[in-house]
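A short reminder: the numbers here are calculations on the coordinates, not readings from a lab. Everything quoted here is computed from the prediction, not taken from an experiment. Here the Cβ positions follow ideal geometry from the backbone for every residue, glycine too, while neighbour counts run over all protein chains shown.
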Amino acid sequence: MQAAPHVTLATELAELEARGLKRRRRLLESPQGARVMVDGRECIAYCSNDDLGLAAHPELVEAAREGAARYGVGAGASHLVSGHSSAHHAL
């Protein structure tokens, strides 16, 4: 008799964990930058795509805050369904 899919999956996940191969998401606890806090440890961010160091720039953070206050934070649907916002059009 074949095991239920959830039992097989649980067994496979346990085997991966026992072999140190189970992936997990790390917790980023700081803004992007050359140094970041990950899982409670300060690390040098060699994998960042923030080459210009703008991800946490105060003027961009404020602009994002103003945009969220004015337009909200959800698109509602794709541009073809619910329309193209004036902010996207201006950009």
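Any residue that is outside any helix (DSSP H, G or I) and surrounded by 10 or more Cβ atoms within 10 Å (Cβ to Cβ) - is there at least one of those in segment 59-70? The answer is no; no qualifying residue exists. Looking only at residues in segment 11-46 that are in a loop (DSSP other than H, G, I, E, B) and surrounded by 12 or more Cβ atoms within 10 Å (Cβ to Cβ), the one that is farthest from the chain's Cα centre (by Cα) is Lys22.
For first residues located in segment 49-72 and free of Cβ contacts under 8 Å to residues at least 40 places away in the same chain, partners that are surrounded by 11 or more Cβ atoms within 10 Å (Cβ to Cβ) and part of a helix (DSSP H, G or I) and lie 6+ apart or on another chain with Cβ distances below 7 Å form the pairs Leu54/Leu60.
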